[in-house]
1. For the stretch 47-58, how many residues meet the condition of being assigned to a loop (DSSP other than H, G, I, E, B) and either touching a residue at least 60 places away in the same chain (Cβ under 8 Å) or of a type in the set (S, T, Y) (or both)?
2. For V61, are the conditions met, namely being outside any helix (DSSP H, G or I) and crowded, with 16+ Cβ neighbours inside 10 Å?
3. Check K32 against each of (1) farther than 17 Å from A93 by Cβ; (2) at pLDDT 90 or above and name the one condition it does not meet.
4. Of all residues being in contact (Cβ under 8 Å) with a residue 12 or more places away in the chain and among the basic types (K, R) in the stretch 25-46, which is farthest from A62 (Cα to Cα)? Just the residue, please.
5. For the stretch 63-88, enumerate the residues that are small (G, A, S) and at pLDDT below 90.
6. So which of K71, K42 is surrounded by fewer than 19 Cβ atoms within 10 Å (Cβ to Cβ), more than 17 Å from L88 (Cα to Cα) and of a type in the set (D, E, K, R)?
Amino acid sequence: MICAKSFGPKARDWWPWPSWFSANLTRDLVAKHPAVTIDGCKQMCAAKMVKQSGGTVTREVAVLDVFRRHKDLKPEGIAELNEAGRRLARVLAEEVAESLDGTGQSVKGASHV
């Protein structure tokens, strides 16, 4: 999940939501800032967690949908991605950034909540 201080032209003030944040700090961040969730499977756990914590999900992105459009970028590994996996992550990040900046189309596989 990614929190952003603002969404608008060139909204680049993002930070990842590390799992080591304390529960209270995480709830405060989620409640105060809109979130973009990026889920690795169709269960959409990141989006569910944000909503259950009282946060607002601005975009939900399913990695599998992005992968379907870029089948040539087959990720391998879990703890450490291979080069194709890193390139797929970069493509996904760029698509999300463009959709938030208003300079590109919405990310296919993302829902605007």
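1. Residues in the stretch 47-58 being assigned to a loop (DSSP other than H, G, I, E, B) and either touching a residue at least 60 places away in the same chain (Cβ under 8 Å) or of a type in the set (S, T, Y) (or both): 2 in total.
2. yes
3. Evaluating K32 over (1) farther than 17 Å from A93 by Cβ; (2) at pLDDT 90 or above leaves (2) as the failure.
4. So the residue we want is R27.
5. Of everything in the stretch 63-88, those that are small (G, A, S) and at pLDDT below 90 turn out to be G77, A79.
6. Exactly one of K71, K42 is surrounded by fewer than 19 Cβ atoms within 10 Å (Cβ to Cβ), more than 17 Å from L88 (Cα to Cα) and of a type in the set (D, E, K, R), namely K42.
For (1) out of contact with any Leu (no Cβ under 9 Å at 6 or more places or on another chain); (2) basic (K, R); (3) modelled with pLDDT under 85; (4) crowded, with 16+ Cβ neighbours inside 10 Å, each residue gets a yes or a no:
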{"residue": "L25", "(1), (2), (3), (4)": "yes, no, yes, no"}
{"residue": "A46", "(1), (2), (3), (4)": "yes, no, no, yes"}
{"residue": "S106", "(1), (2), (3), (4)": "yes, no, yes, no"}
{"residue": "A110", "(1), (2), (3), (4)": "yes, no, yes, yes"}
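The values are calculated or read from the model by the stated rules, or taken from the named source; none is laboratory data. None of these values were measured; they are calculated from a predicted model. With ideal geometry, Cβ positions are generated from the backbone for all residues, glycine too; neighbour counts draw on all protein chains shown.
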